[in-house]
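This report refers to the structure that appears directly beneath it.
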Amino acid sequence: MWFRKSVLVIPSRVIALIFGITLLFFPLITADEGLLRIITLAAIFSLYAASWDTLTGFTGQLSLGHALFFGVAAYASALLDLHLELSVWLTIPIGSFVGAFVGLIVGLPALRLRGLYLGLVTLAFPIILSGIIFFFTDVTGGEAGLYGLSRLAEDKINGYYIVMAIVMCSIFILYKFTDAGSRILRTGLLLRAIREDEMTARASGIDTIKYKLLAFGMSGFFAGIAGGLYAHYIRVAGPSTLELIFSIQVVLWTIFGGMGTIYGPVAGVFILYPLMEVIRFFPHGEEIRFILFSLILIFSLLFMPEGLTVWVRDKIETECTRCKVINMATRRTCRACRAPMYLTKDENRSQGKEET
Amino acid sequence: MLVSILINGLVSGGVYAILAIGFSLIFGVAKILNMAHTAFYMTTAFLIIAATRFLDLPLPVTAVISIFVTGMLGVICYKLCFDRVKVHETAVMIISVAVAMLFEETLLLTFGAQYQRVPPFVDGFFEIGGVRVLNQHFFTAGASIITLIGVWLLLSKTKLGKAIRAVDQDQEIANVMGIDVSKTSMQVMGISVILAGVAGAVTAPSIMVNPLMWVNPLVIVLSAVVLGGLGSIKGSAIAAFILGYAETLVVFLVPDGSFLRGAVSLTAMVLVLLVRPEGLFGIAFEEERL
């Protein structure tokens, strides 16, 4: 009953459901190792992008150095794995707690800085850290990084399912954590309040310091899970996880998909990352793939400046102005209050005109 | 040692200052965080290489032509991309990153990844206190200082400069006072890109030119602009000199320190921001309005 009433009638939830089921049955459709690898990496990166969205899209704390959390967790898991020979089930959680801890440390200056200043301070941290990594090559492995980590599972298919299960659970937790309409957690609403107007949020009695640090910690933790999974999946933790381009990449994915929605970054990664990898197999693909990538970004942003998923969502769904229930765009009356939908559509249209 | 630190710091600081001023001009006037700023700097260097190789013109002429072509490119990018999504700040930033990547990859395709050299504008060297100083370095430092003075004169003495400062302070009031804000923004984009082009042209002979050379200056420019205080043009120029000297000191004093070069200047930026969140010359009031 619940399923029919709150999933099947909303097109975007149906799409998400179909997508999730397809991912679960993917190894049955194809046994091609290259494809499995691309999808697994896309899943890991989508968790990384979703964690960025939690921090920047929902809380409004611009982070341009998100690779820090990913890279620190990857290095921490790798060091624990190589030196203490702990099992994968310990190294990844410990690595993600290190990521959360680093998130809290980075969050401390965030209490004094905002906007672009914060973005640039966070941008500085991974670059400083990679300078240190190149300086102490005997511990960190320098340019080559730490390699020869233990696998997630002996079998490729098992590895795929482990990654999928962890990533899906984490993304669901992040979705609930940031959902403003949730009846269990208030965090989504509070984080949005901090993003929209921090002064007003504080004046209304929200402990903004606590919630900003919480957002940094959560974001660092889940980026850390992604980092640990990545290190164990490709079995290398190298300085490329701290590069500037890797921090920027997550911003590109998320803004392409739609910022301030958890499904936006997931869709962005699952569209852009496999596309970029598949282009490699075409003739001259290796040379032109980044040109193509930047052209896709430029054109998609010119036509959909709020991101792909937001654009699609506005096309297939309309919110009833009277009772705020989400309806399929093709319906003529609201499914809850029976108000004719053309009222809503006209109102949306005129609002759009005023904005432009 | 001391002399070479002084000269090298002046050279890199001057170039960073030109870049940082252009960056903070377009940010102040049009609120565009132009991550492609140093990509234009790189483009000029490559245009000079292409022009000397294929057109066989004298070097100063090619430099001037390349700077103007880069300026045109900048205005075209502004009209085609930045201007259309100006309302969405993050979209503008991402589009500028995409433009920078487009430039990088196009140059990689046409010139390849290997390092290229540009012949120096002036040959020879002379000695100060037993240290050999290349004439090219003097040329770079002199050209940057002349450019900085030129920008200062433009902003403080001309009518265009007055309009730019007015839009920088408050777009709406400037609009009410009869200043064409969108035209001024376009002019500032042109000026800012031409400044990046000048920086590229004067440094091209003393660095290795390759399609990845835009990343490191971008980091320094961003930190200089923040260190000086966003929107303060004087501040970003001074901060650029501070960072230029910090970088030179690390390279000269720490053995194998070139890896730490970026790290040290960024640490300096983080420390200053923790003590003074609005930057050296920024006003706390301005921060509220961002």
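The values are calculated or read from the model by the stated rules, or taken from the named source; none is laboratory data. Quick caveat: nothing in here was measured; it's all calculated off a predicted structure. Cβ atoms come from the backbone with ideal geometry, glycine included; neighbour counts cover every protein chain shown. All accessible areas refer to the heavy atoms of the entire protein, side chains included, with ligands and DNA or RNA removed. Shrake-Rupley method; radii C 1.70, N 1.55, O 1.52, S 1.80 Å.
Structure values in brief
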quantity	calculated
Residues of segment B:269-285 satisfying the condition of being more than 13 Å from B:Gly228 (Cα to Cα) and either among the small types (Gly, Ala, Ser) or at pLDDT below 75 (or both)	B:Phe285
Scan of segment A:254-295 for residues that are among the hydrophobic types (A, V, I, L, M, F, W, C), away from chain B (no Cβ under 11 Å) and touching a residue at least 60 places away in the same chain (Cβ under 8 Å), ordered by number	A:Ile262, A:Val266, A:Val269, A:Phe270, A:Val278
Yes/no for A:Phe216 being touching a residue at least 60 places away in the same chain (Cβ under 8 Å), under 28 Å from A:Ala110 (Cα atoms), in contact with a helix residue (DSSP H, G or I) (Cβ under 9 Å, 6 or more places away or on another chain) and surrounded by 21 or more Cβ atoms within 10 Å (Cβ to Cβ)	yes
Any hit, segment A:82-90, residues being within 22 Å of A:Ala144 (Cα to Cα), surrounded by 24 or more Cβ atoms within 10 Å (Cβ to Cβ) and touching a residue at least 60 places away in the same chain (Cβ under 8 Å)	no
Flag for B:Ala199 being away from chain A (no Cβ under 14 Å), aliphatic (A, V, I, L, M) and over 19 Å from B:Met72 (Cα atoms)	no
Filtered residues of segment B:234-250 (kept if buried (at least 23 other Cβ atoms within 10 Å of the Cβ) and under 13 Å from the mean Cα position of the chain (by Cα))	B:Ser236, B:Ala237, B:Ala239, B:Ala240, B:Gly244
Cβ pairs under 6 Å, 6+ apart, first in segment A:296-323 and more than 14 Å from chain B (Cβ to nearest Cβ) and closer than 25 Å to A:Met341 by Cβ, second assigned to a helix (DSSP H, G or I) and open to solvent by 50 Å² or more (accessible area, probe 1.4 Å)	A:Thr309/A:Tyr263; A:Thr321/A:Glu347
Helices (runs of 4 or more DSSP H) fully within segment B:28-113 counting 2 or more residues that are within 14 Å of another protein chain (Cβ to nearest Cβ) and open to solvent by 40 Å² or more (accessible area, probe 1.4 Å)	B:59-80, B:89-111
Qualifying residues in segment A:226-245 (those that are open to solvent by 30 Å² or more (accessible area, probe 1.4 Å) and of a type outside the set (Lys, Arg)) - the one nearest to the other protein chains (Cβ to nearest Cβ)	A:Leu244
Lone unmet requirement of (1) closer than 22 Å to B:Ile26 by Cβ; (2) within 14 Å of chain A (Cβ to nearest Cβ) for B:Val151	(2)
Meets criteria (of a type in the set (S, T, N, Q) and under 18 Å from the mean Cα position of the chain (by Cα)) for A:Ser247	yes
Selection within segment A:60-74 - closer than 15 Å to B:Met93 by Cβ and open to solvent by less than 10 Å² (accessible area, probe 1.4 Å)	A:Ser63, A:Leu64, A:Gly65, A:His66
Test: residue in segment A:217-236 that is touching a Leu at 6+ places or on another chain (Cβ under 9 Å) and not in a helix (DSSP H, G or I)	yes
Sole residue being crowded, with 23+ Cβ neighbours inside 10 Å, within 14 Å of chain B (Cβ to nearest Cβ) and either in contact with a Leu (Cβ under 7 Å, 6 or more places away or on another chain) or assigned to a loop (DSSP other than H, G, I, E, B) (or both), chosen from A:Leu113, A:Leu123, A:Leu129	A:Leu123
Among (1) touching a Leu at 6+ places or on another chain (Cβ under 9 Å); (2) under 30 Å from A:Leu116 (Cβ atoms); (3) at pLDDT below 85, the one test that B:Ala113 misses	(2)
Which numbered condition A:Leu24 misses (of (1) surrounded by 15 or more Cβ atoms within 10 Å (Cβ to Cβ); (2) at pLDDT 85 or above; (3) within 29 Å of A:Ala237 (Cβ to Cβ))	(1)
